[in-house]
1. Sorted by mean Cβ packing within 10 Å, highest first, what order do the peptides 54-62, 75-83 take?
2. Going by C-beta contacts inside 10 Å, put LEU70, LEU24 in order with the fewest on the left.
3. Filter the cross-link list LYS26/LYS74; LYS30/LYS104; LYS26/LYS82 down to pairs whose alpha-carbon distance in this structure exceeds 30 Å.
4. If the viscosity is 1.002 mPa s and the temperature 20 °C, what translational diffusion coefficient in µm²/s does Stokes-Einstein give for region 2-112 when Rh comes from Kirkwood over Cα pairs?
Amino acid sequence: MQSFGQNTSSTNPREFVQRRGRVLRKSQGKNRAYIYDFFVGPWSLNPYSISTGQSLLRRELPRFSEFNSLNEKKYEAIKEIKYACEYFNMVNEIDMKPWEVYSKIITNYSDLLINSEDGK
């Protein structure tokens, strides 16, 4: 068994998929891996404007969707973020495939993405 905690908030799908892959790679004696991914969200709803809350979720949902796609407890994870997604009118994004979420963001909100490779 191997565990991994990620506390970097990457919007680069290649980066977070590589990190996940390192943990999930098979090796002798390892039959399970646990990934703990922490992401920023508008969990206390009152102090956030609609646009700020949506912006936070848009940056984090592709990674959530990607990691949750292989999660044994995916419905429990969805339950944890659903109230914020409902409040900010973003419930449809929860049910999208990882590449659909990322594609929507690239198309509609490219100004929110940070290219971690060149520091912009």
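What follows draws every value from the coordinates through simple rules; no lab data is involved. Here the structure is a predicted model, which means the values were calculated and not measured. All Cβ positions, glycine included, derive from the backbone under ideal geometry; neighbour counts span all protein chains shown.
1. 54-62, 75-83
2. Fewest-to-most Cβ neighbours within 10 Å comes out as LEU70, LEU24.
3. As for pairs spanning more than 30 Å Cα to Cα, those are LYS30/LYS104; LYS26/LYS82.
4. For these conditions, the coefficient is 145 µm²/s.
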